[in-house]
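The values are calculated or read from the model by the stated rules, or taken from the named source; none is laboratory data. For clarity, every value in this text was computed on a predicted model and none was experimentally measured. Note: ideal-geometry Cβ built from the backbone for every residue, glycine included; neighbour counts use all protein chains shown. Surface accessibility is based on the protein's heavy atoms, side chains included, excluding ligands, DNA and RNA. Shrake-Rupley method; radii C 1.70, N 1.55, O 1.52, S 1.80 Å.
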Amino acid sequence: MQLYTKISIALVAGAVAGLVANLFDLEILRTVLVAIEPIGNAWIRLITMVVVPLVFASLVVGTASLGDISKLGRIGGKTVLYYLGTTAIAVTIGLALSNLIRPGSRIDPEALEGLRSTYMAEGASRVELARDAPSLVDILLNMIPRNPIEALASGDMLPIIFFAIFFGAALSALPSERRDHVIGFFDGVNEAAMVMIHWIMRLAPYAVFALIGAVIARFGLGVLQSLLVYSLVVLRGRGLHVAFTYTAALRFLARRGPREFYRKIREAQLIAFSTSSSNATLPVSMEVAEEKLEIEKEVASFVLPLGATINMDGTALYQAVATMFIAQVLVGDISFTAQFGIVLTATLASIGAAGVPSAGIIILVVVLEQALAGTGVDPAAGIALVLGVDRLLDMCRTAVNVTGDLTAAAVIERSEYDYALKHGS
Ligand code: ASP
């Protein structure tokens, strides 16, 4: 049986077990499911353990073997532009749907009161967390590590990427007798990381069952009911983004068959969905890119780690819909100018969100504060409204985020190929 078939079965089985526990209020089943959740968390730790050595080694090797620094600048520029462009499209889709469907005007006032009283304290604590989040200038500044070992030790992705590229570029400037054994060493590290991922992935089905079972068992179905229209708008927006934006990018820019592409990346999507973390999924997406999609290492090892940190279309789209929903409930409509502001802030905020569970709802504070400035709305009250379904939406948005990263890798690889053809190299 293929691995993704096993993971899919585990996902469905976990969801069914969780649903049964929830629907029939089976305390024993719920306790069992919550008790086995550490199996899932242990697996997330295992796969996260590989992230730093894998990203560092593969980026050093990838950069050092580019042979040409200008190529790096070209790939970097294209990648960032592509990421920003697709994210802005995602936000626009979210806004358009929210204007059309108006989820905020379809919620019943009693449910609203319930949400507010249940989640207000948690909403306030998210606002506190967001206050500690660095500003955009700080994010850019923090990209340059003061001490690369510190960045590696704390797993800060952007400074690691920065240093690895710088180091790889320096290596490529050395004479080959100096360079080759260092590159050989990191190549070995990279391959060993890939072997670890293969091993860890064999355990993925058990982890997925444990993770999904516990999430669904804990989840209150009543919340889903009261936020159904809102959740559907978020999900439909993401569906549209994948079906149109990514499919078009694959067909016209990457010139690959979308159906085949989506089939090959299923494993990465399932892991993203189950872990709600782009960072934890990174080793899987790198493996999928190199082995299934046959994307060159030098492109995959650059585009994917960067994407896991800065490219979050699912998160940005969600922030747009959540902001519109909260505004529609609390203050009524917001103007088109303010909505244009949402396109900008949601795109930037999604860059600032880390690839970990619930990062999106913390950064949502930034978008809310900007969009609702002057209305006197307390962001904590806004967040309290949407917090109940956040975990479920987080799973889906992470799957979209990872799909976006892999699509980008295919697009960038193709454009490099075309460039090489045109310039005869
Ligand atoms: N969990 C998401 C991710 O890792 C981030 C978010 O919360 O939106 O991609």
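If I filter region 353-375 for residues that are closer than 30 Å to Lys297 by Cβ, at pLDDT below 90, within 14 Å of the chain's Cα centre (by Cα) and open to solvent by less than 30 Å² (accessible area, probe 1.4 Å), do I get at least one hit? Yes: one or more hits.
Which numbered condition trips up Leu282, out of (1) open to solvent by less than 10 Å² (accessible area, probe 1.4 Å); (2) within 11 Å of the ligand (Cβ to nearest atom); (3) more than 18 Å from Ala193 (Cα to Cα)? Of everything listed in (1) open to solvent by less than 10 Å² (accessible area, probe 1.4 Å); (2) within 11 Å of the ligand (Cβ to nearest atom); (3) more than 18 Å from Ala193 (Cα to Cα), Leu282 misses just condition (3). The one condition from (1) at pLDDT 95 or above; (2) among the hydroxyl-bearing types (Ser, Thr, Tyr); (3) over 11 Å from the mean Cα position of the chain (by Cα) that Thr337 does not meet is (1).
Looking only at region 292-302, decide whether some residue is on the phi < 0 side of the Ramachandran plot, assigned to a helix (DSSP H, G or I) and within 16 Å of the ligand (Cβ to nearest atom). No - not one qualifying residue is present in region 292-302. Candidates in region 268-279 are the residues that are more than 8 Å from the ligand (Cβ to nearest atom) and aliphatic (A, V, I, L, M); of these, the one that is farthest from Thr309 (Cα to Cα) is Leu270. With respect to the conditions (1) more than 16 Å from the ligand (Cβ to nearest atom); (2) surrounded by fewer than 24 Cβ atoms within 10 Å (Cβ to Cβ); (3) on the phi < 0 side of the Ramachandran plot, Gly382 lacks only one, and its number is (2). One residue stands out in region 411-425 among those that are of a type in the set (Ser, Thr, Tyr) and assigned to a helix (DSSP H, G or I): the one that is least open to solvent (accessible area, probe 1.4 Å), namely Ser415. Could you tell me whether any residue of region 343-358 is more than 16 Å from the ligand (Cβ to nearest atom), assigned to a helix (DSSP H, G or I) and out of contact with any strand residue (DSSP E or B) (no Cβ under 8 Å at 6 or more places or on another chain)? The answer is yes, given that some residue of region 343-358 is more than 16 Å from the ligand (Cβ to nearest atom), assigned to a helix (DSSP H, G or I) and out of contact with any strand residue (DSSP E or B) (no Cβ under 8 Å at 6 or more places or on another chain).
When restricted to residues that are of a type in the set (A, V, I, L, M, F, W, C), more than 10 Å from the ligand (Cβ to nearest atom) and either touching a strand residue (DSSP E or B) at 6+ places or on another chain (Cβ under 6 Å) or open to solvent by less than 10 Å² (accessible area, probe 1.4 Å) (or both), region 389-410 contains 5. Within region 167-190, residues that are closer than 18 Å to Asp68 by Cα reach partners that are small (Gly, Ala, Ser) with beta carbons closer than 6 Å, at six or more positions or on different chains, in the pairs Gly168/Ala64; Leu171/Ala64; Ser172/Ala64; Ile183/Ala64.
If you go through region 246-261 and keep only what is touching a residue at least 60 places away in the same chain (Cβ under 8 Å) and open to solvent by 20 Å² or more (accessible area, probe 1.4 Å), you end up with Leu253, Arg255, Arg256.
Could you go through region 384-391 and let me know if any residue there is in contact with a helix residue (DSSP H, G or I) (Cβ under 8 Å, 6 or more places away or on another chain) and among the basic types (Lys, Arg). Even if it seems obvious, please write down each step before you answer.
Just the residues of region 384-391 that are in contact with a helix residue (DSSP H, G or I) (Cβ under 8 Å, 6 or more places away or on another chain), to begin with: 384-391.
Next cut, among the basic types (Lys, Arg) only: 391.
Checking region 384-391: at least one residue is in contact with a helix residue (DSSP H, G or I) (Cβ under 8 Å, 6 or more places away or on another chain) and among the basic types (Lys, Arg).
Regarding region 204-225, can at least one residue be identified that is of a type in the set (S, T, N, Q) and crowded, with 16+ Cβ neighbours inside 10 Å? The answer is no, given that none of the residues of region 204-225 is of a type in the set (S, T, N, Q) and crowded, with 16+ Cβ neighbours inside 10 Å.
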